[in-house]
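For reference, the structure discussed in these notes is given below.
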Amino acid sequence: MNLNELLSQNLIFTGLNSQEKDDLVKSAITREYQKGAWISHYGDVWPYLFVVERGIVTPIKESSERSLIVVELDEGEVFWGLSFFLEDAPMPVALVAKETCRISMWSHDHIKPLLLKNGQMSWELTRLMVRRMQYASEILDEFAFQPVTGRLARLLLEHFGDAVGDYVSRDMTLDEMAAHIGTTREMVCRQLYKFADEGAIQINRTEFMISDQARLEKIAGKIVG
């Protein structure tokens, strides 16, 4: 799908007329990144709004001990640097290409006139911000009130949902699992072995299987009993 089609399907840009969309496509700064490449670093002043044209972009929050992945941005999704709205504000997260990806981006100076002119565009961007805040609040609630065991069980159910009773390729590393649930790889490793000892999962270096879905759901807090 090309950039014009992506803009036409995104609610943020549907209020623009054909000429405005064409101008955005022509003025877009397009970049391609290989898997694992850094698009921006934590602390950068990065005043851009972008659309993912292809691949997946991962915002990552890092500390000296662990990483946290709250969301992954797929094709057609929109994201922005903090200094797109607040001058000279540093990036609160790093942006990394989870896989080979292509993004199209625009500077604050280029998009601001459209936001001031087009009320629907401003409204839809605001709605997206609110949805992201709502989602972040739910994640914080999980971290505050749900133990690591529950968070890991939920991640396994969501990511390996097709692995019930049958092996699938193990495509997440311990570090990636840890980043998704806000803990360390050592904690993930211990909990996976615990789940395996309890009969909830079977796991080896390359494959994964959910052998007792009901038990894993109970650990995740999805059912009571």
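FYI, it's all coordinate maths here, none of it is from the lab. Source: prediction; values computed, not measured. Don't worry about glycine lacking a Cβ; one is built from the backbone with ideal geometry, like all the others, and counts go over all protein chains shown.
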All alpha-carbon distances of the stretch 108-215, grouped into 5 Å bins from 0, give the whole-percent distribution 2, 11, 17, 18, 13, 8, 7, 7, 7, 5, 4, 1, 0
With θ set to phi - 60°, apply the Karplus curve 6.51 cos²θ - 1.76 cosθ + 1.60 along the stretch 67-82 and write out the HN-Hα couplings as whole Hz, x wherever there is a Gly or Pro. 10, 9, 10, 9, 8, 10, 9, 9, 3, x, 7, 10, 8, 7, x, 4
Counting only residues 5 or more apart in sequence or on a different chain, those whose built amide H sits under 5 Å from that of Glu207 are Arg170
Ignoring the sites themselves, what is the longest stretch of the chain with no trypsin sites (Lys or Arg not before Pro) in a DSSP loop and at most 12 other beta-carbon atoms within 10 Å? 36-204
Sort Met91, Met133, Met105 by Cβ crowding within 10 Å, fewest neighbours at the top. Met133, Met91, Met105
List, in order, the whole-Hz ³J(HN,Hα) value for each residue of the stretch 16-28 obtained from phi through the Karplus relation with A = 6.51, B = -1.76, C = 1.60 and θ = phi - 60°; use x for Gly and Pro. 7, 7, 4, 5, 5, 5, 4, 5, 5, 4, 5, 8, 5
Residue by residue, what Karplus-based ³J(HN,Hα) values in Hz, rounded to whole numbers, does the stretch 90-106 have, using 6.51, -1.76 and 1.60 with θ = phi - 60° and x for Gly and Pro? x, 5, x, 9, 9, 10, 10, 6, 5, 9, 3, 9, 9, 10, 10, 9, 9
At what distance in angstrom do the alpha carbon centres of the stretch 72-115 and the stretch 127-148 lie from each other? 20
Within 10 Å of each candidate Cβ there may be at most 12 other Cβ atoms; applying that plus a DSSP loop requirement, which GluC sites (Glu not before Pro) in the stretch 1-102 survive? Glu65, Glu87
With a cut-off of 8 Å between alpha carbons and a minimum separation of six or more residues, what is the relative contact order of the chain in percent? 20
Debye calc, one equal point scatterer per Cα of the chain, no solvent, log10 I(q)/I(0) at q = 0.13, 0.16 1/Å comes to -0.85, -1.12
